[in-house]
1. Could you tell me, in Å, what Rg and Dmax come out for the Cα atoms of the chain?
2. Compute the acute angle (0 to 90°) between the alpha-carbon long axis of helix 42-51 and the principal axis of greatest extent of the alpha-carbon atoms of the chain; round to the nearest 10°.
3. Take the chain, connect every pair of alpha-carbon atoms lying under 10 Å apart with a spring to form a Gaussian network, then pick out the residue of ASP64, ASP56, ASP25 with the largest mean-square fluctuation.
4. Work out the charge dipole of the chain with +1 on the Cβ of Lys and Arg and -1 on the Cβ of Asp and Glu about the Cα centre, then indicate which of PRO2, LEU14, VAL67 is farthest towards its positive end.
5. To the nearest 20 debye, what is the magnitude of the charge dipole of the chain about its Cα centre, counting +1 on the Cβ of each Lys and Arg and -1 on the Cβ of each Asp and Glu?
6. With springs only between Cα atoms under 10 Å, which of SER59, SER18, SER45 fluctuates most in a Gaussian network model of the chain?
7. What does the charge count near ILE10 come to, summing +1 for each Lys or Arg and -1 for each Asp or Glu among other residues with Cβ under 15 Å from its Cβ?
8. From the helices alone, meaning DSSP H stretches of at least four residues, give me the mean residue ellipticity at 222 nm for the chain, per-run term -39500 (n - 2.57), in deg cm²/dmol to the nearest 500.
Amino acid sequence: MPTKDEHLAIYKLLLRTSMFNAALDKRRGELPLKIFTSLGQEAISVGAVMAANPEDWFSPSHRDLGVWLGRGFSEDEIV
């Protein structure tokens, strides 16, 4: 069971990933409410990266922002 601090870290990474994804959509001129939205799917990459060990490898190809942010990359490095 995650501690209170771990829950907070997970929440912050989920929020950061979601907000960054929305900013990228807006930057590309995409409408935020599409027929198929990625809202909520950040939990997949965030959950995986939070459960992984530092030496574990990832090869994300879709909905990967949570992995990059969770591994310490900044928004500027990703864009």
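1. Both quantities, over Cα of the chain: 13.0, 40 Å.
2. Value to nearest ten degrees: 20.
3. Of the options given, ASP56 has the highest mean-square fluctuation.
4. LEU14
5. Here the chain has a charge dipole of around 340 debye.
6. Maximum fluctuation in the GNM of the chain, among the listed residues, is at SER59.
7. Every neighbour counted, the sum reads +1.
8. -17000 deg cm²/dmol
The values are calculated or read from the model by the stated rules, or taken from the named source; none is laboratory data. The structure displayed is predicted, hence computed values, not measured ones. Every residue, glycine among them, receives a Cβ derived from its backbone with ideal geometry; neighbour counts consider all protein chains shown. Each accessible area value is taken on the protein alone, full model and side chains, heavy atoms only, with ligands, DNA and RNA left out. Shrake-Rupley method; radii C 1.70, N 1.55, O 1.52, S 1.80 Å.
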